[in-house]
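Below: one structure, written as C-alpha cells.
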Amino acid sequence: MCGIVGAVAERNVVEILLEGLKRLEYRGYDSAGVALLQQDGTLTRLRRTGKVQELADAVSSNDALGTTGIAHTRWATHGGVTEENAHPHFSSDRVAVVHNGIIENYMALRKSLSEKGYTFTSDTDTETIAHTVNEELKAGHSLLASVQNAVQQFHGAYGTVIMDKEDPSRVVVARSGSPLVIGLGLGENFIASDQMALLPVTRRFIFLEEGDVAEITRREVMVFDKHGDPVEREVVESNIEHDAGDKAGYRHYMLKEIHEQPTVVRNTLQGRVDDQGLAADIFGHGADEILSKVQHVQIIACGTSYHAGMTARYWLEQYANVSCGVEIASEFRYRKSVVHENSLLVTISQSGETADTLAALRLAKELGYMASLTICNVPGSSLVRESDLAFMTRAGAEIGVASTKAFTTQLTAFLMLTLALGEHHGLSLDDKASIISALHSLPAKLEETLAITQGIEDLAEEFADRNHSLFLGRGEQYPIAMEGALKLKEISYIHAEAYASGELKHGPLALIDEEMPVIVVAPNNELLEKLKSNVEEVRARGGLMYVFADKDAAFVSDETMRVINVPHCEGPIAPIIYTIPLQLLSYYVALIKGTDVDQPRNLAKSVTVE
C-alpha cells in the first residue's frame with residue numbers, strides 16, 4: 001500500500017527512484033510520481049495515473065534529471081485516481097512531499113491553511129503536509145525544524161519525506177505509524193517505505209522507530225526521537241535475496257509462489273524440528289520460560305493471517321490444551337476486552353507493518369498481556385522489533401497481493417507453536433509424535449498435492465460465467481474454506497462466501513440453486529460422515545458441488561458433483577494441504593476471467609493505514 005523512495009546523491013538519482021518504485025509495485029497502487037531537485041535549485045515534477053512504466057516513459061521523454069529526489073506510488077485514500085491527486089504534492093513550488101498514511105485532521109488543517117492564503121490543487125490529505133511545512137519555513141525555521149514543528153500538528157499516521165527547493169542538499173523524513181527505512185550508501189543515502197526498494201544500491205539500513213524524524217544528506221544521517229532528542233538507531237545489514245523482476249518462468253508471481261510452497265515450508269522447518277521435537281529458543285531468547293507460564297493465547301491478525309489464526313485455535317486447544325481466542329485486529333482495537341491471566345498475545349503479519357495489527361500490539365502492552373509473540377515474514381519490521389518474541393516464517397519475498405506461501409508458512413509456524421506450548425500443558429506422546437511426523441512429511445505432501453494442478457485447471461473453466469460461489473468446511477477446515485473464498489474474491493472478483501457446513505440449515509441453503517457452485521474441502525477425518533450429509537443437503541436442492549476430497553473418502557463424480565482427489569495426509573497438516581487446491585482454483589478462475597492476478601483492483605499488499 002503506497003510506496004516511497006527517496007535519494008540524496010551527487011549522481012542523477014532518477015533511475016534509482018524508478019527502479020525502487022518498480023520493486024514496490026507488488027504493494028498495490030493506482031498512480032505514480034517523482035519530484036527532482038538539481039543542485040541549481042531547479043524543481044521538476046512528473047506524475048501519471050496507471051503503472052510505473054508510464055511514469056518512466058514520461059521521465060525519459062522529458063530528460064528529467066536530479067541529484068536529490070523523491071518518488072511515490074499511491075493507493076488512493078482521499079480523492080480519486082487523477083494526476084492532480086498523485087504524489088508528490090507541492091506547496092508554492094518550493095516544498096515537495098510524498099506521504100504514506102492518513103492525516104485524520106486534514107480538514108481542520110485545510111481550513112486553517114486556506115485562511116492563510118494557501119491554494120489547494122488536490123483532494124488529498126497529503127497536501128496539508130506540504131503547506132504546513134511551508135508555513136514553518138516562512139517563519140524562518142530550517143527544513144528539519146519545520147518538519148519537527150509540523151508533525152506536532154498532525155493526527156493520524158504518516159511516513160513522509162519532504163524536500164525544500166531552497167535547500168537541495170537534504171531531505172527530512174518523519175515516521176508515525178507508517179514504516180520508513182533509511183539506506184546507507186557511500187557519499188549518498190536513501191529512504192524508502194520498504195527495504196526491497198533499495199536492495200540494488202545498499203544492504204545497510206536504519207529502521208526508523210515510532211515518532212522519529214531524520215535529516216538525510218549525502219554524507220550524514222541524523223535521527224531525532226519523538227521528543228526531538230538526537231538518537232542512535234542500529235544499522236542492520238540485510239541478507240534478503242530478491243529480484244523483483246524474476247518470475248522464474250511462471251506466468252504470474254502468484255503461480256510461482258504457489259509452487260514455491262514445498263521449498264519455503266522446508267525452509268521454515270529447517271533446523272527447528274527433529275525427531276525428538278523442537279530446537280531451543282526458535283521463538284526467541286527466553287521463549288521456553290514464557291511459554292511455560294501461558295494459560296491463554298489471544299491471536300490478533302487481519303485478512304489471510306486472521307484465517308491462519310482461526311486454524312491455529314483448533315490446534316492449540318485440541319493438542320496443546322491451551323484456551324485460545326482469535327480476533328480481527330481492527331475490531332480488537334476499538335472494544336473493551338478482558339485480559340486472561342498469563343495471556344500471550346500472538347500477532348500475525350506477512351509484512352510486519354499491518355497498521356491495525358501493530359496498533360493492537362501496542363494496545364495489548366497497555367492492557368497488561370504477559371508477553372507478545374509475532375509470526376512474521378520480514379526481519380526488522382515493526383512487529384518484530386516491538387514484540388517480546390518473534391518467529392520468522394522464511395517464506396521469502398511474496399510479490400502477489402493475494403497471499404499464498406506466507407499463509408502456509410504461518411500455519412506451519414502455528415503447528416510448531418502448538419508443539420512448544422503442548423510440552424508445558426499435557427501434550428500426549430502420541431499427539432506429539434503425530435505432529436512431528438506430519439511436519440516432516442509436509443514438504444513432500446505439498447509437492448504431491450501440486451501434482452493435481454491439471455485437474456483443477458480443467459475444473460476452473462466451469463466458473464467462466466459464474467458470479468457467486470459458496471465454500472464449505474468443518475472443524476479446522478472451516479477457516480480454510482474462508483481462505484479459499486477470500487482468494488477467489490481477491491483475484492477473480494467472483495462473490496464468494498464461506499460457511500461452517502453445519503450452518504447450512506441456518507440460512508445459506510436459501511442460496512442454493514443450479515447457478516451457485518459449492519466448493520467443499522473434505523479430508524478423511526472424524527467429521528467426514530457429517531460433511532457427507534451436508535453435501536447431500538446441497539445436492540437435494542439442485543446445487544452443483546465441487547469437492548476436494550481425500551482419495552479414500554469415497555466421493556464419486558457424477559452430473560451434480562465434480563470430485564478432485566487430494567493426496568491422503570496426516571490429520572494435523574490437513575488444513576495446510578487443502579489450502580493448495582483452493583489457491584490453484586482461484587488462480588485458474590482468475591485467468592479465465594482475465595483479471596490482474598498479481599495486482600487485483602483496489603487491493604494492496606501491505607496495508608499500512610486503517
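Just a few scattered comments:
- Peptide ranges 393-400, 45-52, 185-192 listed from the most packed, as the mean C-beta count within 10 angstrom indicates: 393-400, 185-192, 45-52
- The alpha carbons of the range 172-262 give a radius of gyration and a Dmax of 16.3, 50 Å, in that order.
- Label-reachable residues, the range 480-524, where backbone N falls under 11 Å from a point 7 Å from Lys551's Cα toward its Cβ: none
- Placing unit charges on the Cβ atoms of the charged side chains and taking the dipole of the chain about its Cα centre, the candidate lying farthest along the positive direction among Ile328, Ala108, Ala32 is Ala108.
- Of the DSSP H helices in the chain, those whose Cα atoms cover at least 20 Å axially and whose Kyte score averages -0.5 or more: 405-422, 429-450, 477-492, 574-593
- Charge tally for Gly502 (other residues, Cβ to Cβ under 10 Å; Lys, Arg +1; Asp, Glu -1): +2.
- When each of the peptides 567-575, 300-308 is scored by how many other beta carbons lie within 10 Å of its residues on average, the order from highest to lowest is 300-308, 567-575.
- Centre-to-centre, using Cα atoms only, the range 521-590 and the range 67-84 are separated by 45 Å.
- Distance between modelled label sites at Ser428 and His141, nm, 7 Å Cα→Cβ extension: 6.6
- Alpha-carbon centroid distance for the pair the range 292-349 / the range 199-239, whole angstrom: 33
- Long-range amide H partners of Gly325 with built H, under 5 Å: Val297, Gln298, Ile299
- Under-5 Å amide H pairs with Tyr546, H placed in peptide plane, nonlocal only: Val518, Ile519, Val520, Arg562
- Rounded to the nearest 5, the antiparallel percentage of DSSP beta bridges internal to the chain is 60%.
- Equivalent ellipsoid dimensions for the range 525-610 as semi-axes, Å, which come from the Cα gyration tensor, largest first: 30, 18, 13
- Integer Hz, Karplus 6.51/-1.76/1.60 couplings in order for the range 343-350, x for Gly and Pro: 9, 9, 8, 10, 9, 10, 6, 5
We did not get these values from a lab; they are worked out from the coordinates using the rules stated. These numbers were taken from a predicted model, which means no experiment stands behind them. No Cβ is skipped: glycine too gets one built from the backbone with ideal geometry, and neighbour counts run over all protein chains shown.
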